[in-house]
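Only one structure is covered here, and it is reproduced in the block below.
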Amino acid sequence: MTETKKGWKDLPIGGNILEAGNSQHYFTGTWRTYKPITDLDKCINCLQCWMFCPDNSIVIKDGKMDGQDYDHCKGCGVCAAICPVKAIDMIKEEK
Amino acid sequence: MALTLKDLINKQIPLNGGHRMCGGCPVPVIVKQVLMSTDHPKIIGNATGCLEVATTIYPYTAWNHPWIHNAFENVAATVSGIEAAHNALSRIGEVPEHNKDAKFIAFAGDGGTYDIGLQSLSGALERGHNMLYVCYDNEGYMNTGIQRSSATPIGANTTTTPIGSESYGKTQSRKDLLSIVAAHHIPYAASTSPHNWMDAMKKSKKAIETQGPTFLLYFAPCIPGWKIPSDVWKKLSETAVKTCFWPLIEFEDGKWSLTGESKLIAEGKMPKIPVEEFLKSQGRFKHLFTDKNKHVIEIIQKDVDKSWNYYKGLAGY
Ligand SMILES: Cc1ncc(C[n+]2csc(CCOP(=O)(O)OP(=O)(O)O)c2C)c(N)n1
Ligand code: SF4
Ligand code: SF4
């Protein structure tokens with residue numbers, strides 16, 4: 001990803017970061033080699049994947065699992081490994 | 001508040017995506033379990049280590065709580081100072097109402113806890129600050145490239161205990177930190193593991209809600225450090241507990257008990273499996289599965305049994 005860096009005159013005093021959780025603007029999805037694909041028909045909405053995803057990349061919509069956030073998902077495969085009904089497949093990422 | 005996934009998914013997550021922890025690292029899950037176990041406002045301190053470095057790469061931070069990093073060796077002192085300052089400001093009416101009930105939580109790796117941060121931790125426990133200290137134990141100095149710590153187990157191959165014709169890896173046993181912490185007679189201390197999220201979150205909630213200093217020792221498999229694939233830590237943590245390599249222990253008001261799978265094993269309701277099952281899937285122990293080194297597996301089994309029998313005894317079995 002490309003980003004323009006601020007010079008010292010434009011940075012907040014003390015180098016403070018003024019927005020909590022702004023790592024959200026940094027896309028770790030580019031790290032992926034494998035991509036999780038969810039079969040929502042198979043999913044029983046147990047939410048285990050939400051608990052165990054280290055990158056906060058399980059999307060929840062109306063209280064239900066709704067696939068992955070590919071901007072941040074690193075493709076670690078944890079969700080696919082732990083899903084009790086094997087609703088998630090890891091497939092090779094196409095770049 | 002009941003700890004159910006249906007409730008938890010509606011709450012503010014403490015650590016956003018976009019952090020730079022390794023893919024599949026359980027440490028962000030540990031942070032989530034600890035901080036989501038109660039609704040209190042929280043102020044977090046972080047010792048130097050993977051969690052600190054990789055969640056705050058400038059100009060980004062993954063944290064949704066007030067957060068401070070000071071140094072490698074002093075997170076307990078830093079957080080205890082914040083707690084003391086909060087109390088002083090409260091007394092003169094300078095703490096806003098919504099922050100009155102704030103909780104103070106320190107996170108550190110095993111290097112920052114068992115080794116360089118031990119005296120800072122001991123001091124904070126002795127002074128009796130109202131804070132929780134969480135050690136995520138990945139059994140080595142991982143952020144600087146996998147050096148051994150006093151939490152590294154016997155037989156592990158690290159960059160400072162390298163294997164070779166004369167070496168099978170680390171020769172010393174793990175330091176028993178939980179007993180050292182409990183010897184400060186604090187009100188609450190426990191060991192837990194992220195695979196058993198209910199055990200972990202119940203203990204986190206108790207630790208946060210208990211008045212006085214409290215301590216959690218968290219199992220934390222490390223992908224590059226243990227040389228494991230990125231998707232196995234949940235299963236591996238479960239195996240660590242089922243082999244009694246990592247018992248789930250609680251120390252509350254001076255009494256020891258076992259929880260989760262460890263309780264079932266102690267009561268004979270679940271089999272205790274050989275430590276080999278835990279060792280065999282990890283690259284850091286691969287060299288032990290040779291004719292030359294297989295006696296080390298027996299040494300490790302004896303070490304595990306000794307510690308397990310000790311804690312089982314403390315828990316009254
Ligand atoms: C006084 C001091 N010595 C050495 C370092 C370099 N250093 C930074 S992180 C680290 C290792 C941290 O290990 P641990 O506490 O186990 O956490 P992990 O990296 O495994 O998360 C070291 C040695 C430092 N920052 N400060
Ligand atoms: S773990 Fe599997 S079944 Fe459970 S919510 Fe996630 S995708 Fe659905
Ligand atoms: S592959 Fe890993 S990072 Fe991506 S959604 Fe699954 S658990 Fe999260």
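Per-structure values
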| read-out | value |
| --- | --- |
| Filter result (more than 12 Å from ligand 1 (Cβ to nearest atom) and farther than 20 Å from residue B:200 by Cα) within segment B:93-120 | B:93, B:94, B:95, B:96, B:97, B:98, B:99, B:100, B:101, B:102, B:119 |
| Some residue of segment A:46-54 being over 16 Å from residue B:32 (Cα atoms), away from ligand 1 (no atom under 16 Å from the Cβ) and surrounded by fewer than 20 Cβ atoms within 10 Å (Cβ to Cβ) | yes |
| Inter-residue pairs, beta-carbon under 6 Å, first within 14 Å of chain A (Cβ to nearest Cβ) and within 19 Å of residue B:101 (Cβ to Cβ) and in segment B:67-83, second modelled with pLDDT of 95 or more and within 16 Å of ligand 3 (Cβ to nearest atom), 6+ apart | none |
| Every residue from segment A:17-35 that is more than 8 Å from chain B (Cβ to nearest Cβ), under 11 Å from the mean Cα position of the chain (by Cα) and open to solvent by 60 Å² or more (accessible area, probe 1.4 Å) | A:30 |
| Any hit, segment A:30-41, residues being of a type outside the set (Asp, Glu) and farther than 23 Å from residue B:28 by Cα | yes |
| Qualifying residues in segment B:23-51 (those that are among the hydrophobic types (A, V, I, L, M, F, W, C) and facing chain A (nearest Cβ under 8 Å)) - the one surrounded by the fewest Cβ atoms within 10 Å (Cβ to Cβ) | B:29 |
| Breaking point among (1) more than 15 Å from ligand 1 (Cβ to nearest atom); (2) over 17 Å from the mean Cα position of the chain (by Cα); (3) in contact (Cβ under 8 Å) with a residue 12 or more places away in the chain, for residue B:57 | (1) |
| Qualifying residue in segment A:70-88 (condition: within 13 Å of ligand 3 (Cβ to nearest atom) and exposed (fewer than 14 other Cβ atoms within 10 Å of the Cβ)) | no |
| Verdict on residue B:227 being modelled with pLDDT of 95 or more, away from every other protein chain (no Cβ under 12 Å) and open to solvent by 40 Å² or more (accessible area, probe 1.4 Å) | yes |
| Residue check for residue A:5: surrounded by fewer than 16 Cβ atoms within 10 Å (Cβ to Cβ) and modelled with pLDDT of 95 or more | no |
| Neighbours by Cβ (under 6 Å, 6+ apart or cross-chain): first from segment A:61-76, at negative phi; second β-branched (Val, Ile, Thr) and within 14 Å of ligand 2 (Cβ to nearest atom) | A:66/A:59; A:69/A:59 |
| Residue B:54 being more than 13 Å from chain A (Cβ to nearest Cβ) and either open to solvent by less than 10 Å² (accessible area, probe 1.4 Å) or among the aliphatic types (A, V, I, L, M) (or both) | no |
| Subset tally (residues that are over 27 Å from residue A:67 (Cβ atoms) and within 18 Å of the chain's Cα centre (by Cα)) for segment A:1-16 | 0 |
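The values are calculated or read from the model by the stated rules, or taken from the named source; none is laboratory data. Model, not experiment: these values are computed from the prediction. We place every Cβ from the backbone using ideal geometry, glycine too, and count neighbours over all the protein chains shown. Accessible surface areas use protein heavy atoms only, side chains included; no ligands, DNA or RNA. Shrake-Rupley method; radii C 1.70, N 1.55, O 1.52, S 1.80 Å.
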